[in-house]
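The values are calculated or read from the model by the stated rules, or taken from the named source; none is laboratory data. Computed from a predicted model, the values in this text were never measured in an experiment. Cβ sites come from the backbone with ideal geometry, for glycine too, and all protein chains shown count toward neighbours. We work out accessible area using only protein heavy atoms, side chains counted, and drop any ligands, DNA or RNA first. Shrake-Rupley method; radii C 1.70, N 1.55, O 1.52, S 1.80 Å.
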Amino acid sequence: MPLLEGVGEIIMEFIFEPVLYYIFSIPGAFFRFLISRLWRSKRSLESYLKDGAFYNGFVGLFGFMVIGLIIFNLN
C-alpha cells in the first residue's frame with residue numbers, strides 16, 4: 001500500500017493546501033484591513049488582496065482560530 005500513501009500525500013500537497021490558502025485568503029485580507037484601520041492606514045482592501053495568498057491565508061486561518069477559541073471559552 002505504499003503507492004497509495006504517496007498518492008494521498010501528493011493530493012494533499014498539491015491540491016488541498018493551495019485550496020485552503022485561497023479559501024482563507026479573502027478573510028485574512030479583510031482581517032488585515034480591519035486591523036490596519038485601527039492605525040488609520042490608507043491602504044485599500046484591494047491592496048491587501050493583491051498580497052500573497054499564502055500570507056493572507058495564514059492570517060485568515062489564525063483569525064478564525066482566535067475567534068473559535070473565544071467562542072469556545074465563552075461557553
*Identify the residue in the stretch 1-57 that is among the hydroxyl-bearing types (Ser, Thr, Tyr) and touching a Gly at 6+ places or on another chain (Cβ under 6 Å) and, among all such residues, is most open to solvent (accessible area, probe 1.4 Å).*
Tyr21
*asked:* I need the full set of residues from the stretch 58-75 which are loosely packed, with under 15 Cβ neighbours inside 10 Å and in contact with a Pro (Cβ under 8 Å, 6 or more places away or on another chain), in order please.
replied: Phe64
*From the list Leu49, Leu34, which residue is among the aliphatic types (A, V, I, L, M) and touching a helix residue (DSSP H, G or I) at 6+ places or on another chain (Cβ under 6 Å)?*
Leu49
*Select from the stretch 1-52 the residues that are part of a helix (DSSP H, G or I) and hydroxyl-bearing (Ser, Thr, Tyr) and write down the one among them that is nearest to Gly63 (Cα to Cα).*
Ser25
